[in-house]
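Undergrad: Before I ask anything, let me first share the structure, which is written out below as structure tokens.
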Amino acid sequence: MSESKPKEPISALEISANFLLSEFNALQSRAIALGNSQANRVNFLLIIVAAALAGVSQVMGIAALQPYFRSVIFGTALGILLLGLFTLRQNIEDAAASVILFRRAGRIRLWFVEQNPQIARYVAFEYGDDKPAIDAPFLSSRGGEGVILLINALAFCLVVGIALPFRGIAILLSTLVSFGIAWVSQVYYIHKVLKQGERVSAEAVNFPFEQMREKYESQ
């Protein structure tokens, strides 16, 4: 009967690698969960908007509610606007949190590059903790954020159009101005929040990607 060979002790480097891989997977899972939450909020907002439109169309067919039609439209638009603003705020906060998770994953990539600098040229994503940027260009006009901005701007136009006693060409001009104000205000808010997040996160940057790339890819 042959004796079993004793297992070789696991090195500290292997323990560290396994631990960091687990951390990396946890970061990726958390980032995916945040992305799903953003998408779910947008879908919920779209469902509410569709239900509100269906409800308003039903109200139009009820003669007893005809005198209150403008009030119904005003309340519906205001409710959609408030829900849309809340959704926008939550999605922007999640977007910033996702970037921070990606940056922490970049630190883990850097650790593996440090163990074997030869792989630096082949790493697909940045191995540093200052990329990607939190305040990304055109963030407000792509994906779910663009849908939220459009819904909020249209709801704001309805609220203003019903609240102000304008008629004819004046109501058209006020609608266009209201849409522009709503859109620009939301874009300004998005970039203000993200720039603030960029400033705060800059204090935690220890491994700027450009410095790390110059260090390891020039070898």
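Undergrad: Within the stretch 135-219, which trypsin sites (Lys or Arg not before Pro) sit in a loop by DSSP and count at most 15 neighbouring Cβ atoms inside 10 Å?
TA: Passing sites in the stretch 135-219 are 142, 167.
Undergrad: Further question on the same structure: Rounded to the nearest 20 Debye, what is the dipole magnitude of the stretch 103-219 about its Cα centre when Lys and Arg each give +1 and Asp and Glu each give -1 at the C-beta?
TA: Dipole magnitude for the stretch 103-219 comes out near 240 debye.
Undergrad: Given the options 68, 42, 218, identify the residue whose Cα lies farthest towards the positive end of the charge dipole of the chain (+1 on Cβ of Lys, Arg; -1 on Cβ of Asp, Glu).
TA: My answer, from the dipole projection, is 68.
Undergrad: With the crude spin-label approximation of a point 7 Å out along Cα→Cβ, what separation in nm comes out for residue 97 versus residue 33?
TA: About 0.9 nm separates the two model spin labels.
Undergrad: Take the Cβ-Cβ distance between residue 21 and residue 44 as r, set R0 to 30 Å, and report the resulting FRET efficiency rounded to the nearest 0.05.
TA: 0.30
Undergrad: Also, quick follow-up: Could you work out the relative contact order of the stretch 14-217, using alpha carbon pairs under 8 angstrom and six or more residues apart, expressed as a whole percent?
TA: Relative contact order, the stretch 14-217: 27 percent.
Undergrad: What share of Cα pairs, in percent, lie more than 26 angstrom apart in the chain?
TA: That tail contains 55 percent of the Cα-Cα pairs.
Undergrad: Between the DSSP loop rule and a limit of at most 14 other Cβ atoms within 10 Å, which GluC sites (Glu not before Pro) in the stretch 118-219 are left?
TA: 203
Undergrad: What is the spin-label model distance, in nm, from residue 69 to residue 13 if the labels are put 7 Å beyond Cα along the C-beta direction?
TA: Using points 7 Å along Cα→Cβ, the separation is 7.8 nm.
Undergrad: What FRET efficiency would be calculated for the residue pair residue 162, residue 195, taking the C-beta separation as r and a Förster radius of 41 Å, to the nearest 0.05?
TA: Computed FRET efficiency for residue 162 and residue 195: 0.75.
Undergrad: Tell me the mean residue ellipticity at 222 nm calculated for the chain from its helices only (DSSP H runs of n ≥ 4, each -39500 (n - 2.57), averaged over every residue, nearest 500).
TA: About -26500 deg cm²/dmol.
Undergrad: Could I ask something else about it? Counting other beta carbons within 10 Å of each residue's own, what order do 162, 92 fall into, fewest first?
TA: Listed from fewest to most nearby Cβ atoms, that is 162, 92.
Undergrad: Give the residue list of chymotrypsin sites (Phe, Trp or Tyr not before Pro) in the stretch 102-182 that are DSSP loop and have at most 12 other beta-carbon atoms within 10 angstrom.
TA: Here the chymotrypsin sites (Phe, Trp or Tyr not before Pro) that fit, given the DSSP loop and packing criteria, are 125, 138.
Undergrad: Same structure again: Considering the Cα trace of the stretch 37-106, what is its radius of gyration and what is Dmax, both in angstroms?
TA: Considering the stretch 37-106 through its Cα atoms, Rg and Dmax are 17.7, 62 Å.
Undergrad: Can you order the peptides 12-20, 93-101, 180-188 by their average number of other Cβ atoms within 10 Å per residue, highest first?
TA: Put in order of decreasing packing, that is 93-101, 180-188, 12-20.
Undergrad: If I model a spin label as a point 7 Å beyond the Cα along the Cα-Cβ vector, how far apart are those points for residue 131 and residue 202 in nm?
TA: According to this spin-label approximation, the distance is 1.9 nm.
Bear in mind that the values in this text are calculations on the coordinates, not laboratory data. Remember, it's a predicted structure, so these values are computed and weren't measured experimentally. Positions of Cβ are generated from backbone atoms using ideal geometry, with glycine treated the same way; all protein chains shown enter the neighbour counts.
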